[in-house]
Amino acid sequence: MRQDDDYRRGRHVVSALKVHLVFVTRYRHGVLTSEHLDALRAVFASVCADFGAELVEMDGEDDHVHLFVTYPPQVAVARLVNSLKGVSARRLRQRYWVRTHREHLWSPSYYAASAGGAPLETLKQYILQQRTPRRPG
């Protein structure tokens with residue numbers, strides 16, 4: 001049985017939409033560091049907030065990131081993904097020198113799966129168990 005906290009309530013809708021997203025770097029190049037992942041976490045949370053969505057969890061490795069997002073029903077996942085990838089690549093490029101392939105950070109493809117079936121704690125633990133790159137020094 002779900003708790004009331006799992007539901008988003010609007011004027012005419014009650015929803016519980018959750019998505020697991022994976023973005024891979026272009027040609028799977030290992031360019032992300034732990035510092036980059038920290039910066040990406042803030043950017044992803046900001047973009048999600050602009051859409052009325054919430055970044056529940058985020059982690060990754062040197063060549064990909066996993067995001068767990070709850071979102072309102074009026075948001076198209078494809079539009080959210082395009083904004084997340086575009087803004088994050090631009091902000092990372094502005095803040096750091098990131099070695100990318102022809103100015104592209106992310107592969108044009110992505111993975112998106114409805115996350116309603118798996119227990120949320122299981123999905124959160126999976127995302128948190130990613131091999132985050134170690135901090136230099």
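Gain on full extension, evaluated as 0.36 nm per residue between ASP50 and LEU17 minus their Cα-Cα distance, stands at 10.2 nm. Based on protein heavy atoms only, the chain ends up with 61 Å² per residue of surface accessible to a 1.4 Å probe. How far is it, in nm, from the label point at ARG93 to the one at GLN125 when both lie 7 Å from their Cα along the line to the Cβ? In this crude spin-label approximation the distance works out to 4.0 nm. If you run the Gaussian network model on the chain, springs between alpha carbon atoms under 10 Å, then out of VAL75, VAL43, VAL13 the most flexible one is VAL13.
Taking amide H atoms as placed 1.01 Å from N in the peptide plane, the amide H of HIS64 lies under 5 Å from those of THR25, each 5 or more residues away in sequence or on another chain.
A full extension of the chain between VAL77 and SER109 corresponds to an added length of 10.2 nm, given 0.36 nm per residue minus the alpha carbon distance. Charging the Cβ of each Asp and Glu at -1 and of each Lys and Arg at +1, and nothing else, the dipole of the chain about its Cα centre rounds to 480 debye.
Using a Gaussian network model of the chain in which every pair of alpha carbons under 10 angstrom is joined by a spring, one finds that among HIS66, HIS29, HIS12 the greatest mean-square fluctuation is at HIS12. Which one of TRP97, ALA39, VAL81 is farthest out on the positive end of the charge dipole of the chain, using unit charges on Cβ (Lys, Arg +1; Asp, Glu -1) and the Cα centre as origin? Sorting the options by dipole projection puts first TRP97. Counting protein heavy atoms only, the chain has 48 percent of its accessible area on carbon and sulfur, 1.4 angstrom probe. Extent of the chain along its three principal axes (Cα atoms, max minus min coordinate, largest first): 46, 27, 23 Å.
The values are calculated or read from the model by the stated rules, or taken from the named source; none is laboratory data. Predicted model, so just to flag it, every value in this text is computed and none were measured. Note that each Cβ is placed from the backbone with ideal geometry, even for glycine, and that neighbours are counted across all protein chains shown. Ligands, DNA and RNA are stripped out before the accessible areas are found, and what is left, the full protein with its side chains, is counted by its heavy atoms. Shrake-Rupley method; radii C 1.70, N 1.55, O 1.52, S 1.80 Å.
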